[in-house]
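The structure appears below as structure tokens.
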């Protein structure tokens with residue numbers, strides 16, 4: 001009913017009643033109801049105290065003790081969980097309570113310092129119970145083995161598995177895998193290899209077990225890329241290419257392994273089991289690394305002959321493809337091309353065609369092809385897709401269509417052509433190809449994600465947002481997928497839509513972190529102890545998410561942007577977040593050090609491998625080899641966490657507090673009833689500390705940062721020195737000015753009376769930064785990657801913070817200004833500050849008017865914009881963009897009868913002109929929204945200017 005205060009009041013009364021001596025029996029239903037309400041009100045401590053009191057009064061009541069245990073689970077109090085579980089075990093002697101205690105000890109070992117010392121105690125508890133009662137559940141056995149494994153007691157764990165308790169394992173294969181792992185950890189490689197061989201005989205497609213098997217034969221880990229948590233790796237860069245030497249004994253083992261793998265291949269002739277064939281390639285890779293490369297190429301060719309028609313075949317062997325020489329790559333592509341008839345229309349021929357293209361794409365051989373060749377390849381891909389559409393005529397709309405990958409690859413090539421030639425027509429064709437694919441089937445998420453990035457780069461953000469929304473991203477995907485749209489929206493004028501995305505993300509994260517404890521309670525109740533550990537680990541990982549931290553601060557900053565023209569609302573926003581103090585605490589060095597990085601970067605397009613990198617905004621390096629380009633991509637992915645993203649997250653956490661301190665200090669400094677410097681030393685010290693930290697996130701010390709600001713504002717330094725953190729530099733200057741207003745000592749030293757004041761420095765900096773970008777900004781319709789996002793950030797962040805500071809100052813002086821007598825202006829002790837404010841307001845008005853005029857000049861009629869963009873697609877002949885566009889225009893008209901009713905009807909709605917018209921409309925929408933924002937700020941500034949004029953004249 002939305003009455004939390006009343007609910008809390010009622011529950012507190014009930015709590016007091018429970019504590020009184022008038023209650024002779026504690027009703028568990030009442031306690032559980034109180035617990036639910038207190039939990040929803042985020043007062044777990046009150047629920048716990050109720051159960052603690054009840055258990056004190058009735059120490060042998062099992063239901064009350066279980067309720068108390070659940071309270072401790074929700075508070076993640078592992079020690080108290082253990083103590084309560086042991087009390088229950090001593091009371092009733094049930095195995096499950098002992099296992100609850102052991103699981104709580106294991107959680108202490110994972111998440112508490114010194115907790116590993118308790119593992120021996122947990123082992124002793126289990127041994128004692130087993131000697132008298134044995135164990136009766138598979139999860140109990142797994143927990144016992146896990147406790148032994150954590151103490152490196154591998155032989156003891158193996159003895160347990162081979163004894164009577166081993167029969168608790170439900171599946172023999174699971175037992176064998178566990179034995180193999182323990183034997184490997186005990187360095188008993190011979191026995192471990194025999195165990196893994198048994199696993200592979202029953203599960204020949206178990207690739208992980210094969211790698212362990214091979215590792216035992218080599219007596220070392222097989223260096224293949226594995227899924228990681230928190231760090232991004234690139235498969236093409238992480239595979240081991242170093243030469244090794246193999247002893248005769250190891251060579252003999254590999255020969256035996258090869259015979260074993262070939263036996264597995266003969267036992268299964270279907271296309272479903274690929275493991276033994278991949279194993280053959282991996283064994284030959286080991287031979288190649290030791291200098292014997294005769295069979296490696298043959299193994300790869302055989303794999304493609306057998307599985308080349310499958311969509312996964314190229315990704316299966318990607319790491320091996322990067323080991324091939326140029327001649328071997330040519331030979332492999334020729335072999336694949338000769339293995340099918342490209343003119344035939346069949347699922348197998350189409351699959352092999354796609355594989356041939358995918359291999360070229362993975363190896364980067366397309367980078368070295370001429371512009372003409374790339375045009376022909378892209379056109380051929382689209383034609384092949386259309387030619388094979390009849391193969392999908394009877395598929396369900398939810399099923400993937402045959403050849404969908406062709407349009408993604410064609411779009412990638414067209415983007416590459418744009419990067420190489422800077423001809424906008426290719427980028428428009430890349431968009432049209434994917435829009436065409438979504439017209440045929442609207443459920444292809446790969447097309448949508450690529451379009452999100454293409455439209456973002458084109459400046460058509462409303463279309464990017466629309467396609468992202470159509471993905472219906474929910475639950476944990478909000479953590480791993482939001483990076484596709486959130487950074488672009490945060491630097492856009494669409495504050496309301498951005499706030500909605502941020503709200504959805506935070507709602508999921510907050511709800512999950514609240515509910516994860518309930519999942520843990522459920523896991524205890526159902527005795528799935530491995531899930532208890534898994535749920536707690538997952539919760540800890542999400543709680544330390546870098547994106548979670550960044551979006552928390554983004555949410556506050558976004559609210560400040562939206563409310564920046566109303567001081568009362570700004571104060572309300574800051575009050576709701578403890579004036580930004582909590583975010584500052586979250587940005588501590590220790591907390592930043594342990595942040596996790598959970599974004600899935602693999603789904604990003606090749607030209608923007610991370611959120612902070614876009615190759616299309618850089619000139620192409622024609623001399624770069626495919627290997628160099630792959631290494632560059634891998635480096636960006638692997639350093640994403642520790643690069644700009646980390647510094648941005650830390651800097652954002654400081655902004656709300658800096659805004660609050662700036663407002664608070666300015667108000668105190670301008671009150672005429674208070675002496676100059678009335679702001680407390682604590683506030684001044686905090687502001688200085690935060691600004692020093694802020695400067696470090698830009699890569700400078702405080703003194704060097706001040707020197708940089710003075711240099712830019714005076715014209716002695718270039719704007720290029722600010723890149724790429726120009727918005728952060730402008731905000732830094734605004735906060736420095738605010739501190740300078742109320743600090744006893746001038747933050748910015750003035751060598752003589754003619755030196756500029758801090759107001760004038762900010763004015764000059766804002767004017768220089770914005771005017772330079774207006775001069776540099778071309779027509780956004782025909783210039784992808786334009787300056788609009790940067791200009792929006794300048795207006796919504798540093799200018800907004802400056803405007804908040806000006807309003808704070810005006811609030812103090814305005815009432816006194818109204819009391820002036822008509823005989824003449826009164827002498828004000830803060831007159832110099834008022835004059836500085838007036839000049840600053842006037843400077844902002846002039847600057848924003850220039851932005852307003854520039855935006856108005858950009859807004860041409862829709863038909864004119866449509867004609868301009870369509871002209872880029874009207875190329876004739878075999879050169880330049882337009883060839884793929886003509887295929888899209890001509891093909892849907894022909895052979896519609898062969899496509900089936902569903903596909904034919906979908907294509908009736910296809911219109912290239914309609915897509916381009918939407919791009920023009922979306923870009924106009926961005927300009928209109930930005931202009932509305934500028935108009936609003938100008939209106940407020942004009943009002944403040946009028947108030948200042950009446951006070952000063």
Problem set entry | All positions within the range 413-429 that are within 15 Å of residue 875 (Cα to Cα) and part of a helix (DSSP H, G or I) | 414, 417, 418, 421, 424, 425, 426, 427, 428, 429
Problem set entry | Selection count where residues are under 26 Å from residue 539 (Cβ atoms), over 13 Å from the mean Cα position of the chain (by Cα) and in a loop (DSSP other than H, G, I, E, B), scope the range 475-501 | 1
Seminar exercise, completed: Exception for residue 195 within (1) modelled with pLDDT of 95 or more; (2) surrounded by fewer than 16 Cβ atoms within 10 Å (Cβ to Cβ) falls at (2)
For this session: Being within 21 Å of residue 120 (Cα to Cα) and surrounded by fewer than 20 Cβ atoms within 10 Å (Cβ to Cβ) is the filter; apply it to the range 167-192 and report the residue that is farthest from the chain's Cα centre (by Cα).
Result: 186
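Scan 472, 515 and give me the residue that is outside any helix (DSSP H, G or I), over 18 Å from residue 599 (Cβ atoms) and without any contact (Cβ under 8 Å) to a residue 40 or more places away in the chain.
Numbers: 515 fails: outside any helix (DSSP H, G or I).
Residue meeting the stated conditions: 472.
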Exercise. Is it fair to say residue 106 is crowded, with 18+ Cβ neighbours inside 10 Å and more than 24 Å from residue 511 (Cα to Cα)?
Worked result: yes
For this session: Kindly establish whether residue 768 is over 26 Å from residue 570 (Cα atoms) and at pLDDT 90 or above.
Result: yes
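Here are some residues: 421, 372, 439. Which one is farther than 27 Å from residue 918 by Cα and surrounded by fewer than 23 Cβ atoms within 10 Å (Cβ to Cβ)?
Details: 421 fails: farther than 27 Å from residue 918 by Cα; 439 fails: farther than 27 Å from residue 918 by Cα.
Unique residue meeting the criteria: 372.
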Exercise. Quick one: which of 946, 922 is within 17 Å of residue 464 (Cα to Cα) and in a helix (DSSP H, G or I)?
Worked result: 922
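Go through 856, 936 for me and flag whichever is part of a helix (DSSP H, G or I), surrounded by fewer than 20 Cβ atoms within 10 Å (Cβ to Cβ) and at pLDDT below 95. Walk me through how you get there before you give the answer.
On the way: 936 fails: at pLDDT below 95.
Result: 856 is the single residue among 856, 936 that is part of a helix (DSSP H, G or I), surrounded by fewer than 20 Cβ atoms within 10 Å (Cβ to Cβ) and at pLDDT below 95.
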For this session: Run residue 660 past the list (1) touching a residue at least 60 places away in the same chain (Cβ under 8 Å); (2) in a loop (DSSP other than H, G, I, E, B) and report the number of the one that doesn't hold.
Result: (2)
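Could you please let me know if residue 514 is within 28 Å of residue 914 (Cα to Cα) and surrounded by fewer than 16 Cβ atoms within 10 Å (Cβ to Cβ)?
Numbers: within 28 Å of residue 914 (Cα to Cα): no; surrounded by fewer than 16 Cβ atoms within 10 Å (Cβ to Cβ): yes.
Taking the combined requirement at face value, the residue does not satisfy it.
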Exercise. When you look at residue 873, is it surrounded by 19 or more Cβ atoms within 10 Å (Cβ to Cβ) and over 38 Å from the mean Cα position of the chain (by Cα), yes or no?
Worked result: no
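Select from the range 607-619 the residues that are buried (at least 16 other Cβ atoms within 10 Å of the Cβ) and either in a loop (DSSP other than H, G, I, E, B) or touching a strand residue (DSSP E or B) at 6+ places or on another chain (Cβ under 6 Å) (or both) and list them in ascending order.
Taking the range 607-619 first, the residues buried (at least 16 other Cβ atoms within 10 Å of the Cβ) are 607-611, 613-616.
Hits for the range 607-619 are 607, 608, 609, 610, 611, 613, 614.
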Seminar exercise, completed: Apart from one, (1) surrounded by fewer than 17 Cβ atoms within 10 Å (Cβ to Cβ); (2) part of a helix (DSSP H, G or I); (3) touching a helix residue (DSSP H, G or I) at 6+ places or on another chain (Cβ under 9 Å); (4) modelled with pLDDT under 90 all hold for residue 628; the odd one out is (3)
Exercise. Regarding residue 849, is this residue over 20 Å from residue 382 (Cβ atoms), at pLDDT 95 or above, surrounded by fewer than 20 Cβ atoms within 10 Å (Cβ to Cβ) and within 34 Å of the chain's Cα centre (by Cα)?
Worked result: no
For this session: Might you let me know whether the range 818-827 holds any residue that is at pLDDT below 55 and assigned to a helix (DSSP H, G or I)?
Result: yes
For this session: May I ask you to list pairs of residues, at least six apart or on different chains, whose Cβ atoms are under 6 Å apart, with the first in the range 706-734 being on the phi < 0 side of the Ramachandran plot and assigned to a loop (DSSP other than H, G, I, E, B) and the second being modelled with pLDDT of 90 or more and surrounded by fewer than 19 Cβ atoms within 10 Å (Cβ to Cβ)?
Result: 725/698
Exercise. Only one of (1) at pLDDT 90 or above; (2) more than 30 Å from residue 595 (Cα to Cα); (3) in contact with a helix residue (DSSP H, G or I) (Cβ under 7 Å, 6 or more places away or on another chain) is not met by residue 250, so which one is it?
Worked result: (1)
Problem set entry | Residue in the range 213-247 that is farthest from the chain's Cα centre (by Cα), counting only those that are at pLDDT 90 or above and farther than 22 Å from residue 323 by Cα | 217
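The values are calculated or read from the model by the stated rules, or taken from the named source; none is laboratory data. Predicted, not measured: the structure shown is a model, and the values here were computed from it. Positions of Cβ are backbone-derived with ideal geometry, glycine not excepted, and every protein chain shown enters the neighbour counts.
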